[in-house]
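Read through the structure below, which is laid out as structure tokens, and then see the notes.
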Amino acid sequence: MSCENCSNLKIKAFNYPELLQKWEEIYAPTCITEGYAKRLRKEAEKQGTPFEKIKLRFVYCSMGILQRFYIVRSEYFMKGKNLMGHCKFYS
């Protein structure tokens, strides 16, 4: 079974403060990496939108199994297929 069929997999658009809040809910005490802010800044510059208002769609595991948020670049989430080998929800 792949992540696409998992009820814990969520896709949602976040700006950076919202992303940071959701990260802390799921992954605390692990800190978010600087890469997420860099990617959002880059997108804000590209679109000419203030950093606080730019949103990107992310896919994440609401149970914290995936260990990170992935940017959704297309209609389907592809990277999770091989990450769930030891997921307790598929055992």
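A short reminder: the numbers here are calculations on the coordinates, not readings from a lab. Nothing here was measured: the structure is a model prediction, and the numbers come from that model. Here Cβ is always computed from backbone atoms with ideal geometry, including for glycine, and neighbour counts include all displayed protein chains.
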*Taking θ as phi - 60°, what are the ³J(HN,Hα) couplings along region 42-59 by the Karplus curve (6.51, -1.76, 1.60), each to the nearest whole Hz, with x for Gly and Pro?*
4, 5, 4, 5, 4, 8, x, 10, x, 3, 5, 9, 6, 10, 10, 7, 10, 10
_Within region 47-62, name every residue whose backbone N is under 20 Å away from a label modeled 7 Å from Cα of SER7 along the Cβ vector._
60-62
*asked:* Apply the Karplus curve 6.51 cos²θ - 1.76 cosθ + 1.60, θ = phi - 60°, to the phi angles in region 22-39 and return the couplings in whole Hz, x for Gly and Pro.
replied: 5, 4, 5, 5, 8, 10, 4, x, 5, 7, 5, 7, 5, x, 5, 5, 4, 5
*Using alpha carbon coordinates only, what is the Rg to Rh ratio of region 3-82, with Rh defined as the Kirkwood radius?*
0.96
